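Structure first, then comments.
The values are calculated or read from the model by the stated rules, or taken from the named source; none is laboratory data. Just so we're clear, the structure is a prediction, and the values are computed from it rather than from any experiment. Don't worry about glycine lacking a Cβ; one is built from the backbone with ideal geometry, like all the others, and counts go over all protein chains shown.
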């Protein structure tokens with residue numbers, strides 16, 4: 001029957017389902033490892049994981065490493081975004097530039113950045129810089145391409161109208177091009193934040209002495225599945241928190257858009 | 001001396017169709033003039049180049065041959081003496097009603113304390129007091145059109161070009177808007193060039209009507225509409241001369257509409 005479309009979604013019900021499924025999964029995991037259906041050496045155990053994370057929080061161990069990772073992510077993300085917007089803007093503005101560099105951009109973007117990480121570490125050392133470069137290399141392209149499309153897709157009537165209303169080049173940028181590109185840039189920001197964190201963690205994982213990537217890599221080398229999984233859980237929580245923040249920010253900047261049904 | 005006069009002399013606009021490797025003539029040897037303060041409509045079948053003609057006068061599109069001058073000065077690029085109301089409303093969606101209406105003044109460097117009362121005045125004039133802080137997506141089609149009109153009139157351009165401005169509105173809203181336009185026009189007496197495919201609308205509003213041929217657009221004939229003013233677009237239709245004018249002009253237009261339609265069917269256009 002096609003009547004389900006008319007019935008409003010009950011969010012309480014959906015939340016209950018979500019919580020129930022999560023609880024069932026954790027319970028199954030716990031029971032399976034306690035009864036030795038699965039070896040906890042490989043998959044750890046929810047209660048052990050919880051103790052581990054609580055321990056990390058109590059000793060402050062995790063905050064030190066999380067802070068390092070966040071620092072690399074945020075610095076790299078900001079620089080990558082600024083660069084991406086600036087270059088995207090220039091390319092959209094000077095078409096010749098775009099034509100000349102188009103193959104280069106496509107080629108660079110096609111390169112798997114994860115494989116470049118060891119080179120970055122070789123060039124920029126084990127510290128912050130190599131991770132920031134890694135993050136920039138991931139974030140830049142996402143932001144660049146969406147800024148470029150955003151500005152090129154600006155409504156021609158709107159640009160013409162602004163010109164007829166007396167807008168100079170600066171007015172056009174400030175009142176027409178940037179606001180309409182902002183929609184595209186924001187749509188890409190949530191993707192690029194995920195990329196930024198991946199960049200930082202992969203960089204740490206391959207060579208560093210601090211940060212979440214290092215924590216995970218160290219636990220792995222000790223065959224400590226609990227350490228690896230706990231590290232991943234902490235990262236997951238961080239990404240969710242950032243994503244929620246960005247959603248709020250996006251809503252603030254999109255006040256003028258009709259609410260999607 | 002009245003300002004806002006437009007002269008078109010042998011105006012031709014061609015553009016190339018690279019895929020078909022040929023040139024397309026949108027407008028061919030168009031000549032007519034519009035006196036300052038006059039309300040002139042351009043009617044013609046769809047695809048006859050009437051919108052292109054308007055874009056040429058506005059300086060949005062370059063003239064291939066011939067010349068267009070405003071008050072004796074040739075058009076070269078976008079001209080600040082002009083106002084343009086687009087077919088689709090080209091409001092800035094991220095700005096409020098008041099910000100939209102004030103934008104041309106901001107662009108033209110009018111001081112904020114001078115601009116504010118003028119913006120308020122125009123918002124009141126179009127009946128949108130209380131909606132200053134609304135964004136375009138929160139308004140109806142008719143309200144958005146009013147904002148577009150206020151945005152154009154707020155800097156008091158000498159010439160207002162309108163490209164099928166009310167085409168997307170329902171009939172009732174449309175008649176209200178047409179009456180408002182006539183009232184504003186009679187108060188300010190700016191030159192208006194109004195493109196429409198609706199002959200009734202053209203007769204009800206204009207002093208003169210330019211009939212265009214099917215593509216390539218040429219001037220077929222020009223009619224003077226001497227119906228009494230002030231007019232109400234809903235009532236002027238019952239004037240005894242209205243039907244006669246309609247019949248005469250329609251006879252002229254009919255063949256072109258059919259021709260335009262047949263061509264669009266055989267794919268000669270696009």
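Please go through segment B:85-99 and pick out each residue that is within 8 Å of another protein chain (Cβ to nearest Cβ) and over 18 Å from residue B:118 (Cα atoms). If the condition is that a residue be within 8 Å of another protein chain (Cβ to nearest Cβ) and over 18 Å from residue B:118 (Cα atoms), then B:86, B:88, B:90, B:92, B:93, B:94 are the ones that fit. You will find that of A:51, A:12, A:33, the residue that is in contact (Cβ under 8 Å) with a residue 12 or more places away in the chain and either under 16 Å from residue A:225 (Cβ atoms) or surrounded by fewer than 13 Cβ atoms within 10 Å (Cβ to Cβ) (or both) is A:33 and no other.
Which of the residues that make up segment B:45-65 are within 11 Å of the chain's Cα centre (by Cα) and closer than 13 Å to residue B:164 by Cβ? Once the filter is applied, which keeps residues that are within 11 Å of the chain's Cα centre (by Cα) and closer than 13 Å to residue B:164 by Cβ, segment B:45-65 yields B:50, B:51, B:53, B:54, B:55.
Exactly one residue among A:187, A:117, A:107, A:200 is out of contact with any strand residue (DSSP E or B) (no Cβ under 6 Å at 6 or more places or on another chain), in contact (Cβ under 8 Å) with a residue 40 or more places away in the chain, surrounded by fewer than 22 Cβ atoms within 10 Å (Cβ to Cβ) and assigned to a helix (DSSP H, G or I), and that residue is A:187. If you filter segment A:120-135 down to residues that are assigned to a loop (DSSP other than H, G, I, E, B) and at negative phi, you find that the one that is surrounded by the most Cβ atoms within 10 Å (Cβ to Cβ) is A:126. Counting only strands (runs of 3 or more DSSP E) wholly contained in segment B:1-91, the ones carrying 2 or more residues that are without any contact (Cβ under 8 Å) to a residue 12 or more places away in the chain, in the same structural domain as residue B:258 (by TED's automatic domain parsing) and within 26 Å of residue B:261 (Cβ to Cβ) occupy B:6-17, B:22-34.
Every condition in (1) farther than 23 Å from residue B:102 by Cα; (2) out of contact with any helix residue (DSSP H, G or I) (no Cβ under 8 Å at 6 or more places or on another chain); (3) modelled with pLDDT under 95 is met by residue B:214 except one, and the failing one is (2). Among the residues of segment A:36-48, the ones that are at positive phi and surrounded by 13 or more Cβ atoms within 10 Å (Cβ to Cβ) come to 1 in all. Looking only at segment B:166-198, residues that are within 26 Å of residue B:26 (Cβ to Cβ), touching a helix residue (DSSP H, G or I) at 6+ places or on another chain (Cβ under 8 Å) and buried (at least 19 other Cβ atoms within 10 Å of the Cβ) come to 6 in all. If you filter segment B:108-127 down to residues that are within 14 Å of chain A (Cβ to nearest Cβ) and in a loop (DSSP other than H, G, I, E, B), you find that the one that is surrounded by the fewest Cβ atoms within 10 Å (Cβ to Cβ) is B:109. The residues on offer are B:233, B:211, B:160, B:147, and the sole one that is within 14 Å of chain A (Cβ to nearest Cβ) and outside any helix (DSSP H, G or I) is B:160. Could you tell me whether residue A:208 is assigned to a loop (DSSP other than H, G, I, E, B), in contact with a helix residue (DSSP H, G or I) (Cβ under 6 Å, 6 or more places away or on another chain) and touching a residue at least 12 places away in the same chain (Cβ under 8 Å)? When the stated conditions are applied, residue A:208 passes them. For residue B:238, the conditions (1) more than 24 Å from residue B:87 (Cβ to Cβ); (2) within 19 Å of the chain's Cα centre (by Cα) are fulfilled apart from (2). Within segment A:136-162, restricting attention to residues that are in a helix (DSSP H, G or I) and within 14 Å of chain B (Cβ to nearest Cβ), the residue that is farthest from residue B:59 (Cα to Cα) is A:150. Please tell me if residue B:160 is touching a residue at least 12 places away in the same chain (Cβ under 8 Å), more than 15 Å from the chain's Cα centre (by Cα) and within 27 Å of residue B:47 (Cα to Cα). The answer is no for residue B:160. Does residue B:42 count as under 14 Å from the mean Cα position of the chain (by Cα) and crowded, with 16+ Cβ neighbours inside 10 Å? Yes, satisfied. Within segment B:71-84, being away from chain A (no Cβ under 11 Å) and touching a strand residue (DSSP E or B) at 6+ places or on another chain (Cβ under 6 Å) holds for B:74, B:75.
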